[in-house]
Structure formats: structure tokens, C-alpha cells
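What follows is a single structure, written as C-alpha cells, with notes after it.
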Amino acid sequence: MLPRHLLPQIPNDEIDNFKNFVNSEGVSSKMVYLPVKALTPIQRHLSSDKVYALQKKLHELGNPILISKDNIIMDGHHRWAATLAANEANRIICLKFACSIKKLIELGHMFDGSEVKTVHEVSYL
């Protein structure tokens, strides 16, 4: 498990640019709907306030969470937790990259549009 500040955060308006960047680095990607229980989180801490606030907005959350080839979450842990808390049977939209989580994190940090935040900083509420 990693602290949030070590994981790159991709702002919602940069997801397409990130996808294009990763694809240009030779890593393919595809959009998939997966059961929330099929995903593995790696972020150490989550803000219960953020999870609660996102639960109220689940119907508005159209942006995908970003995952590796083996369904490990790089970005979108709070959205994943809110969806899981709402109903374990829910599915969530994911942008799945054909690389390891280590490589995806590396590419995330290389991407000019990425950010790093602590667990208490809000980026998408």
C-alpha cells in the first residue's frame, strides 16, 4: 500500500491526454466495465468524507478510474470506494492499460498533466 502523495493523480480533463501519452509510449488501453470487487486498491489512506460525498454523486461520475493490466487501481480510489460502499455488486468504468502497475505509475509521473495530492486535498468534488 502506498500513500496518496506517491501516486499520480490525473485530473478528469486530462484523462484523454494521458491515454494518448501512454499509448504513444507503446502501452495500449481500453475502456471496460468491471465489478468493483474485481479491482485492487493500492492507496494506503482514503478520506471517509470524500467517499461519503462521492456516494451522493455516483450517478454523476462518468470518468473512468485508471487501472493496470492486472486490475490494480492507480487513480480513482475514492470513486472505487464510494461505488463499493454503495453496493458490492456495482460495476465501474475503468480505463485499463496493458502494463504493470509499476509501469503505469511511472508513466503517470512522467505525464505533464499529472498531479500529486495528499489524502486531504480535493481534486474532483
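Here are the numbers for the structure shown:
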item	result
Average Cα contact separation per residue, the chain, under 8 Å, 6 or more apart, as relative contact order %	40
Additional length obtainable on full extension of the chain from Glu25 to Asp112, 0.36 nm per residue less Cα span	29.9 nm
Cα-projected label distance for Asp49 with Asp16, points at 7 Å along beta-carbon direction, nm	3.3
Accessible carbon and sulfur surface of the chain relative to its total accessible area, %, 1.4 Å	50
For segment 1-76: rounded, prolate or oblate by the Cα gyration tensor [a/c cutoff 1.5]	prolate
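The values are calculated or read from the model by the stated rules, or taken from the named source; none is laboratory data. Quantities reported herein were computed from a predicted structural model and do not represent experimental measurements. As a convention, Cβ positions derive from the backbone with ideal geometry for all residues, glycine included, and neighbour counts pool all protein chains shown. We work out accessible area using only protein heavy atoms, side chains counted, and drop any ligands, DNA or RNA first. Shrake-Rupley method; radii C 1.70, N 1.55, O 1.52, S 1.80 Å.
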